[in-house]
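The values are calculated or read from the model by the stated rules, or taken from the named source; none is laboratory data. Here the structure is a predicted model, which means the values were calculated and not measured. Here Cβ is always computed from backbone atoms with ideal geometry, including for glycine, and neighbour counts include all displayed protein chains.
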Amino acid sequence: MGDTAKLEIDGKTYEFPIVVGTEEEKAIDISALRQQTGYITLDEGYVNTGSCRSAITYIDGERGILRYRGIPIEELAEKSTFIETAYLLIFGHLPTRAELRRFSELLTEHQYLHEDIRYHFEGFPSTAHPMAILSAVINASSCFDPTILRRDPEKFDVHAAKLISQVRTIAAFSYRKSRGLPIIYPKKAYKYTANFLHMMFSSPYEDYELKPEVVRALDLIFLLHADHEQNCSTATVRMVASSGANLFASVAAGVCALWGPLHGGANQAVVEMLMQIHKEGDDGSKFIAAVKDKKNRQRLWGFGHRVYKTYDPRAKIIEKGLSRLIKGIEHFRSVVRYSDEA
């Protein structure tokens with residue numbers, strides 16, 4: 001018999017098994033609580049509730065630790081790429097060269113959207129929120145592949161690759177739509193992140209100049225945000241999928257959860273905050289004073305984290321990556337300036 005936890009209710013004692021996670025963290029299995037006692041638990045916000053066992057991501061907010069499949073995020077950020085990391089998260093191990101080549105080929109093969117999906121983009125106003133377009137088109141794109149709707153387990157790797165690849169295409173098309181710009185199709189010659197930049201910023205007759213420093217910086221951001229335990233959007237995807245809904249429909253629901261300002265939408269709130277400060281000609285001091293004023297309801301976005309109580313390990317990595325990006329761009333500009341003068 002393993003360790004158990006005892007719970008006393010109305011003079012009766014009940015025992016529930018203690019389970020141990022991948023990082024030796026412990027939990028009490030109360031799945032039989034109602035059956036044995038007639039009671040249920042109340043945990044608003046799921047602050048102390050694990051809905052399943054998982055070995056995908058581990059977070060220790062007090063010590064600022066983030067690991068994917070047991071590998072520290074710092075190590076992955078230094079040595080891996082987003083696509084390698086995505087493979088690690090999905091299949092449980094870093095890919096061999098052959099596995100990575102196969103996965104990359106699947107991404108390239110399925111990066112194009114069915115041409116009829118273009119009509120969906122045309123139906124949205126130019127003011128439509130990108131997350132609304134992203135969610136709707138992800139859901140709609142599943143209609144063009146019957147095997148997705150049938151939830152064929154043998155094709156899961158293909159469906160996963162198709163989703164990861166097409167979500168980038170949909171996001172780029174959504175951005176172009178919001179700017180009234182013509183759609184730019186992906187190129188087979190470009191890798192995942194470079195292709196995203198190409199679709200975002202190229203023009204019909206002039207390709208966007210892909211600087212290695214910029215591609216690497218964006219790839220790093222993708223890697224750092226590839227997973228973050230069972231947060232709001234992940235929990236939403238799992239909840240919808242538990243009904244038997246297909247992968248695309250489940251992820252479309254997760255996008256809607258990610259939209260909220262208390263989750264992924266907080267990034268939008270930060271950008272809007274900075275734009276407002278700039279618009280008002282403020283150097284930030286007036287805004288900070290308004291935040292500190294208890295009579296004012298002004299919020300400061302982008303600081304603090306619900307999980308990380310000491311520091312966010314991703315922030316340190318992004319800071320280092322930003323420094324490399326700035327140095328790389330400055331070097332590029334100095335080379336161009338020298339060649340022009342020569």
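A single entry from Arg337, Arg297, Arg306, Arg314 fulfils the requirement of being at pLDDT 90 or above, outside the structural domain of Gly45 (by TED's automatic domain parsing) and of a type in the set (D, E, K, R): Arg314. Scan the range 35-48 and tell me whether some residue there is in contact with a Ser or Thr (Cβ under 8 Å, 6 or more places away or on another chain) and loosely packed, with under 13 Cβ neighbours inside 10 Å. Within the range 35-48 (the criterion being in contact with a Ser or Thr (Cβ under 8 Å, 6 or more places away or on another chain) and loosely packed, with under 13 Cβ neighbours inside 10 Å), the answer is yes, since at least one residue qualifies. Note down all Cβ pairs under 8 Å where the first residue falls in the range 40-66 and is over 20 Å from Val19 (Cβ atoms), the second is among the hydrophobic types (A, V, I, L, M, F, W, C) and not in a helix (DSSP H, G or I), and they're at least six residues apart or on different chains. Sorted first by the residue in the range 40-66, then by its partner, the pairs are Gly61/Val307; Ile65/Ile59; Leu66/Ile59.
One residue stands out among those in the range 92-105 that are loosely packed, with under 15 Cβ neighbours inside 10 Å and of a type outside the set (D, E, K, R): the one that is farthest from the chain's Cα centre (by Cα), which is Ala98. Return a yes/no flag: does the range 33-56 have any residue that is of a type outside the set (Phe, Trp, Tyr), part of a strand (DSSP E or B) and within 20 Å of Gln230 (Cβ to Cβ). Checked the range 33-56: no residue is of a type outside the set (Phe, Trp, Tyr), part of a strand (DSSP E or B) and within 20 Å of Gln230 (Cβ to Cβ). Scan the range 301-310 and give yes if some residue there is more than 18 Å from Leu224 (Cβ to Cβ) and surrounded by 14 or more Cβ atoms within 10 Å (Cβ to Cβ), otherwise no. Yes: one or more hits. Scanning for something out of contact with any Phe, Trp or Tyr (no Cβ under 8 Å at 6 or more places or on another chain) and small (Gly, Ala, Ser), does the range 163-175 turn up at least one residue? Scanning the range 163-175, I find no residue that is out of contact with any Phe, Trp or Tyr (no Cβ under 8 Å at 6 or more places or on another chain) and small (Gly, Ala, Ser), so the answer is no. Applying the condition of being without any contact (Cβ under 8 Å) to a residue 24 or more places away in the chain and within 18 Å of Ile59 (Cβ to Cβ) to the range 3-24 and asking which residue is surrounded by the fewest Cβ atoms within 10 Å (Cβ to Cβ) yields Glu24.
Restricting Ser203, Ser233, Ser174 to residues that are surrounded by fewer than 17 Cβ atoms within 10 Å (Cβ to Cβ) and out of contact with any strand residue (DSSP E or B) (no Cβ under 7 Å at 6 or more places or on another chain) narrows the list to Ser203.
Would you check if Ile329 is of a type outside the set (D, E, K, R) and at pLDDT below 80?
So Ile329 passes the test.
Condition check ((1) in contact (Cβ under 8 Å) with a residue 40 or more places away in the chain; (2) crowded, with 19+ Cβ neighbours inside 10 Å) across all residues:
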| position | (1), (2) |
| --- | --- |
| Lys191 | yes, no |
| Glu209 | no, no |
| Pro212 | yes, no |
| Ile221 | yes, no |
| Asn246 | yes, yes |
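Residues in the range 215-248 that are farther than 18 Å from Arg168 by Cα and hydroxyl-bearing (Ser, Thr, Tyr): Thr234, Thr236, Ser242, Ser243.
Restricting Ala98, Ala86 to residues that are among the aliphatic types (A, V, I, L, M), farther than 22 Å from Ala217 by Cα and at pLDDT 95 or above narrows the list to Ala98.
Residues in the range 121-150 that are surrounded by fewer than 18 Cβ atoms within 10 Å (Cβ to Cβ), within 24 Å of the chain's Cα centre (by Cα) and of a type in the set (Val, Ile, Thr): Thr127 alone. Please go through the range 60-106 and pick out each residue that is of a type in the set (A, V, I, L, M, F, W, C), under 30 Å from Lys26 (Cα atoms) and in contact with a Leu (Cβ under 9 Å, 6 or more places away or on another chain). Listed by number, the residues that qualify are Leu66, Ile71, Ile73, Leu76, Ala77, Ala86, Leu88, Leu94.
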